[in-house]
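Just so it is clear, none of the values below were taken in a lab; they were calculated from the coordinates. On a predicted model such as this, the values are computed, not experimentally measured, just so you know. Note: ideal-geometry Cβ built from the backbone for every residue, glycine included; neighbour counts use all protein chains shown.
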Amino acid sequence: MARTQGSHSDITGPRIRSAALRLFAQHGYAAVSMRQIAKEVGVQAGALYNYIPDKQSLLHSLMEGHMRELLAAWQEQEKPQDALALLEQFVRFHIGFHMQRSDEVFIAYMELRNLSDENFAAIEALRRTYEDALEAVLKQGVEEGQFTLADTKIATLAVIAMLNGVMTWYRSGGRLSLDEVENVYWDMVRKSVTA
């Protein structure tokens, strides 16, 4: 099959990722074929394999890219020393970062079951790294006497689950601005960890 005119790796590769991201988020990984992705990009189905080994690798790449971007963005934050201020920063960062990436978030959480065992382990390791960053904040707060938590691991998972919920219901232009939502969520998180 002939390559579509104007198809170049620096253009077509990102277009494949973008199309796959959109289609996986809309229809689910299992329901999307390589042929659909190729049609969306405007290349022959066989041409996709010049850019990606297979659909599983594409899913893993999308999830890994999201997690690495998340971890890098958190690392770049200038962090306060105080545990309470740091926890507030985490809450606002998490909501703000994820609200700009709804398709990535949906795939990162809903398509884990479609990863191979090896790819699942790799993504879980990245997720644990992010969870560990939050747990370190919670442990610091407990050590400093600011937080009252029986189990920082369970608290970590509960906070992240609560924060992820924003992505399922928040719509721009609704009753509350995103800043107002962040304020409400920060108040709930703060009250859940302090005595």
Global size of the stretch 25-73 as Cα Rg and Dmax, reported in angstrom:
12.3, 36
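Quick one: dipole size for the chain, taken about the Cα centre, charges +1 on Lys/Arg Cβ and -1 on Asp/Glu Cβ, in debye to the nearest 20.
Details: 20 positive and 25 negative charges, 180 e Å.
The dipole of the chain has a size of about 860 debye.
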For the chain, max minus min Cα coordinate along each principal axis, in Å, sorted largest first?
66, 39, 29
Taking θ = phi - 60°, what integer Hz values does the Karplus form 6.51 cos²θ - 1.76 cosθ + 1.60 yield along the stretch 36-41, in sequence order, with x for Gly and Pro?
5, 4, 4, 4, 4, 7
So Ser192 and Arg15, fully extended at 0.36 nm per residue minus their Cα-Cα distance, gain in nm 59.5 nm
Counting each DSSP H run of 4 or more residues in the chain as -39500 (n - 2.57), what helix-only mean residue ellipticity at 222 nm follows after dividing by all residues, to the nearest 500 deg cm²/dmol?
-22500 deg cm²/dmol
Debye, to nearest 20: dipole size of the stretch 104-146, +1 on Lys, Arg Cβ, -1 on Asp, Glu Cβ
80 debye
If I take every Cα pair under 8 Å that is 6 or more residues apart in the chain, average their sequence separation and divide by the length, what percent do I get for the relative contact order?
22 percent
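Determine by what factor the alpha-carbon radius of gyration of the stretch 19-121 differs from 2.2 N^0.38 Å, reporting the quotient. Can you show the working numbers first?
Numbers: Rg = 16.6 Å, N = 103, 2.2 N^0.38 = 12.8 Å.
Normalised by 2.2 N^0.38 Å, the Cα Rg of the stretch 19-121 equals 1.30.
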I need the phi-derived Karplus couplings for the stretch 90-105: 6.51 cos²θ - 1.76 cosθ + 1.60, θ = phi - 60°, integer Hz, Gly and Pro marked x.
4, 4, 5, 4, 4, 5, x, 5, 6, 5, 8, 9, 4, 5, 4, 5
Using amide H atoms built 1.01 Å from N in the peptide plane, name the residues 5+ places from Phe147, or on other chains, whose amide H lies under 5 Å from its own.
Val142
